[in-house]
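Take a look at the structure below.
Read the figures in this text as sums done on the coordinates, not as results from a lab. Quick caveat, the model's predicted, so the values are computed rather than measured. Because the Cβ atoms are built from the backbone with ideal geometry, glycine has one as well, and the counts that use them run over all protein chains shown.
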Amino acid sequence: MDKKRRKVKIEEQNQINSAMDDHETPVLEPIWTRKAQEREGIDFHQTDAMDSEVVAGTSKKIRPTFANPNALKLSCELVRIFITEAVQRAATVAEGEGGAKVEAIHLERILPQLLLDF
């Protein structure tokens, strides 16, 4: 099983590298699909996300996921700023109460306004 996982990881890295060389966005198979196929004993190297059949009871087809590298960078920066702002606001509340460290209760107090601001 470990050999299959290593082989899959190597293949995924090769896909990413070749896509980056061609200035394309790599297509990665969702991990839950691979894990489900692994559990069921399906050879997941030969299955294609676009060719998969919709099983009775499911409402959506499995589609490949694309992520633009610039969009990923922007999303990472947004999350970083969000977390930094949350920590700063929680520290202000903790300082106002005379506390020496930020606790979960401080984050709970600033969260509603923080979500409205973002």
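Of everything in the range 64-118, what is more than 26 Å from E12 (Cβ to Cβ) and acidic (D, E)? Give them in sequence order.
Of everything in the range 64-118, those that are more than 26 Å from E12 (Cβ to Cβ) and acidic (D, E) turn out to be E85, E95, E97, E103, E108, D117.
Please go through the range 94-117 and give me each residue that is surrounded by 10 or more Cβ atoms within 10 Å (Cβ to Cβ) and not in a helix (DSSP H, G or I), ordered by number.
Matches in the range 94-117: E97, G99, V102, E103.
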